Amino acid sequence: SQTSADVSNVASFSLPDPAGNAGGALTSSLLKVLYSDHRAPAEDLSFQDVLTKVRGVLQGRYTQIPQLSSSRPMDISSPFEIVPKGCTGTKRALLIGINYIGQQGQLSGCHNDVLNMVEYLKDVHGFEAQNITLLLDDGQHTNPTHANILNAYRRLVAESAPGDAVYCHYSGHGGKLRDDD
């Protein structure tokens, strides 16, 4: 089944769209829930609320079924937070957008997803530009090769300290790999 979908015009999601007309269906839906009309939601949302609302935006239009996974047990009724309350450190972000320019399966919205997420992170959560790393295959930013992605994660880990908030975002094709362990 489909795991990614480009939206040719994110205006149908009523998004603030500083980056262009195309976007990924999932990122566009997430931003519609979290950042519609350039504002954070008036009410606090739980992880379950966000997931349910994103599914509602996608339902009937796209076959994607967003899911939540975690390496640790979590209470999905707890507040959805990109920056946890009480965060006293630096807010850091790594965002990767791969449109696969000139390749089979080329996408058109991944760069816009990243740029829209950057605006949201800066505007709503106070992330500063110098603490945001972008990897884009656009010829202007660091190219998101395997080595560059791993190095960016290593640098993010090395620079982060207790009390920091770290946000990672990926827009591009995905895949599944069975965990035989």
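The values are calculated or read from the model by the stated rules, or taken from the named source; none is laboratory data. Remember, it's a predicted structure, so these values are computed and weren't measured experimentally. Virtual Cβ from ideal backbone geometry, glycine too; neighbours counted across all protein chains shown. Ligands, DNA and RNA are excluded from the accessible area calculation, which covers all protein heavy atoms including side chains. Shrake-Rupley method; radii C 1.70, N 1.55, O 1.52, S 1.80 Å.
In nm, to one decimal, how far is the modelled label at Glu128 from the one at Ser71, with both set 7 Å along Cα→Cβ?
Modelled inter-label distance: 2.8 nm.
Between Thr52 and Thr88, what FRET efficiency comes out of the Förster formula 1/(1 + (r/R0)^6) with R0 = 25 Å and r the beta carbon distance, rounded to 0.05?
According to the calculation, E is roughly 0.20.
What is the packing order of peptides 63-73, 34-44, taking the mean over residues of other C-beta atoms within 10 Å and listing the highest first? Walk me through the intermediate numbers first.
On the way: 63-73: 9.5, 34-44: 12.2.
Put in order of decreasing packing, that is 34-44, 63-73.
Toward the positive end of the charge dipole of the chain, about the Cα centre and with charges on Cβ (Lys, Arg +1; Asp, Glu -1), which of Val33, Ala161, Gln106 goes farthest?
Gln106
Quick check: at a probe of 1.4 Å, how many percent of the accessible area of segment 72-181 sits on carbon and sulfur atoms? It would help to have the intermediate numbers written out before the result.
Details: 3370 of 6740 Å².
The C+S portion of the solvent-accessible surface of segment 72-181 is 50 percent.
Express in whole angstrom the spacing between the alpha-carbon centres of segment 26-42 and segment 88-138.
Computed from Cα coordinates, the inter-centre distance equals 16 Å.
So what is the relative contact order for the chain, in percent, with contacts set as C-alpha pairs under 8 Å and at least six apart?
26
Within 10 Å, Cβ to Cβ, of Ala165, how many net charges do the neighbouring residues add up to if Lys/Arg are +1 and Asp/Glu are -1?
Numbers: positive: Lys91, Arg92; negative: Glu81, Asp164.
Here the charged neighbours net out to 0.
Under 5 Å between amide H atoms, partner at least 5 residues away or on a different chain: which partners does Val166 have, H built in plane at 1.01 Å?
Arg92
Are there trypsin sites (Lys or Arg not before Pro) in segment 54-99 that DSSP marks as loop and that have at most 15 other Cβ atoms within 10 Å, and which are they?
Answer in residue order: Arg61, Lys85.
Can you list residues whose amide H is under 5 Å from Thr133's amide H, if they're 5+ apart or on another chain and H is modeled 1.01 Å from N?
Ala93, Leu94, Leu95
Please list His141, His169 from largest to smallest accessible area, probe radius 1.4 Å, with all protein chains kept in place.
His141, His169
Quick one: accessible area per residue over the chain, 1.4 Å probe, rounded to a whole number of Å²?
Dividing the accessible area of the chain by its residue count gives 59 Å².
Label Asn143 and Val157 with points 7 Å out from Cα along Cα→Cβ: what is the distance between them in nm?
Modelled inter-label distance: 2.5 nm.
Leu177 versus His38, label points 7 Å from Cα toward the beta carbon: distance in nm?
In this crude label model, Leu177 to His38 measures out at 4.2 nm.
Tell me the chymotrypsin sites (Phe, Trp or Tyr not before Pro) within segment 82-166 that lie in a loop according to DSSP and have at most 12 other beta-carbon atoms within 10 Å.
Passing both the DSSP loop test and the Cβ count: no residue.
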